[in-house]
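Asker: Just dropping this structure here.
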Amino acid sequence: MFAHILLASLPLFAAASPLQPRADCGSIHPKWTLEDINLSSYYTYTSPSALGPRLGTVSFTFENDQVDYTASCKGNSVNPQGTFYSSQTFDCETPDGTSWKKTSFDFDTSSSVFNVNSIWTCGGDVVYQISGSGKADLKCETITWTNDDWQSGELYSNTTTVCEPATLVIQL
């Protein structure tokens, strides 16, 4: 697990408050929960050699034990086979998505690793920016249908992967 912590003071309060967490905010070692992780993908071949439509989707609810809100996270991939790479970053939806209340993530299909970056504040005087990662234990099933009597103009095959909902806890 990798964690990167950046504490920054808002300019308005920089002289007035030390860089210490407020007592009611918690710790600089938060516990994050990625709840109800849903991962699925499909891809279709329109002929034995022509890849057609494809889509991968991943979604989850992000909980940070330092704040009283959750973020809704979702990403889509149109890469071959609906694969996700860590070079794709997705923004999560947070209530009042101000610059001091943001969460984003990336996901790598081959390793099942989620990298998360979250920014929040404790009452406005201290801003926390922490990055962390963890590997999800995904249990997936892949089903492939093939048209053995394929003719030009028909679909040749379709492959669908669906994973059971999962939970990942990242303790930083």
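Asker: Determine the pairs where a residue that is over 18 Å from T161 (Cβ atoms), located within the stretch 36-53, has a partner that is at pLDDT below 95 with Cβ atoms under 6 Å apart, the partner being 6 or more residues away or on another chain.
Answerer: Listed pairs, sorted by first residue: T46/G52.
Asker: What's the total number of residues in the stretch 134-159 that are under 25 Å from L34 (Cβ atoms) and either touching a Gly at 6+ places or on another chain (Cβ under 8 Å) or of a type in the set (S, T, Y) (or both)? Show your work before the answer.
Answerer: So in the stretch 134-159, the residues under 25 Å from L34 (Cβ atoms) come out as 134-142.
Subsequent filtering for residues that are either touching a Gly at 6+ places or on another chain (Cβ under 8 Å) or of a type in the set (S, T, Y) (or both) retains 142.
Summing the residues that are under 25 Å from L34 (Cβ atoms) and either touching a Gly at 6+ places or on another chain (Cβ under 8 Å) or of a type in the set (S, T, Y) (or both) in the stretch 134-159 gives 1.
Asker: Confirm whether L168 is closer than 25 Å to Y43 by Cα, among the aliphatic types (A, V, I, L, M) and at pLDDT 95 or above. Before the answer, list the steps.
Answerer: Working: closer than 25 Å to Y43 by Cα: no; among the aliphatic types (A, V, I, L, M): yes; at pLDDT 95 or above: yes.
Taking the combined requirement at face value, the residue does not satisfy it.
Asker: Are any residues in the stretch 38-87 among the aliphatic types (A, V, I, L, M) and assigned to a strand (DSSP E or B), and if so, which ones?
Answerer: L39, A50, L51, L55, V58, A71 - these are the residues of the stretch 38-87 that are among the aliphatic types (A, V, I, L, M) and assigned to a strand (DSSP E or B).
Asker: In addition: For K74, all conditions in the list (1) buried (at least 18 other Cβ atoms within 10 Å of the Cβ); (2) at pLDDT 95 or above hold save one; what is the number of the exception?
Answerer: Going through (1) buried (at least 18 other Cβ atoms within 10 Å of the Cβ); (2) at pLDDT 95 or above one by one, K74 breaks only (1).
Asker: Evaluate the stretch 77-94: report whether one residue or more is crowded, with 17+ Cβ neighbours inside 10 Å, closer than 15 Å to L34 by Cβ and modelled with pLDDT under 95.
Answerer: Yes, the stretch 77-94 contains a residue that is crowded, with 17+ Cβ neighbours inside 10 Å, closer than 15 Å to L34 by Cβ and modelled with pLDDT under 95.
Asker: Can you tell me which residue among S17, S47 is at pLDDT below 90 and either surrounded by 13 or more Cβ atoms within 10 Å (Cβ to Cβ) or under 15 Å from the mean Cα position of the chain (by Cα) (or both)?
Answerer: On the way: S47 fails: at pLDDT below 90.
Of the residues listed, the single one that is at pLDDT below 90 and either surrounded by 13 or more Cβ atoms within 10 Å (Cβ to Cβ) or under 15 Å from the mean Cα position of the chain (by Cα) (or both) is S17.
Asker: Provide a single number: the residues in the stretch 89-99 that are free of Cβ contacts under 8 Å to residues at least 24 places away in the same chain and over 10 Å from the mean Cα position of the chain (by Cα).
Answerer: 5
To keep it simple, each residue is scored yes or no on (1) small (G, A, S); (2) more than 19 Å from the chain's Cα centre (by Cα).
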| position | (1), (2) |
| --- | --- |
| T103 | no, no |
| F107 | no, no |
| G123 | yes, yes |
| L138 | no, no |
| W145 | no, yes |
| G153 | yes, yes |
| N158 | no, yes |
| V162 | no, no |
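Asker: Let me ask something else. Going through V127, V116 one at a time, which residue ends up being more than 17 Å from the chain's Cα centre (by Cα) and under 21 Å from V67 (Cα atoms)?
Answerer: Working: V116 fails: more than 17 Å from the chain's Cα centre (by Cα).
Exactly one residue qualifies, and that residue is V127.
Asker: A further question on this structure: At least 3 residues that are of a type in the set (F, W, Y), touching a Ser or Thr at 6+ places or on another chain (Cβ under 6 Å) and crowded, with 19+ Cβ neighbours inside 10 Å in each: list the strands (runs of 3 or more DSSP E) lying fully within the stretch 105-166 that qualify.
Answerer: Strands (runs of 3 or more DSSP E) meeting the threshold: none at all.
The values are calculated or read from the model by the stated rules, or taken from the named source; none is laboratory data. Just so we're clear, the structure is a prediction, and the values are computed from it rather than from any experiment. Heads up, the Cβs are rebuilt from the backbone with ideal geometry, glycines too, and the neighbour counts pull from every protein chain shown.
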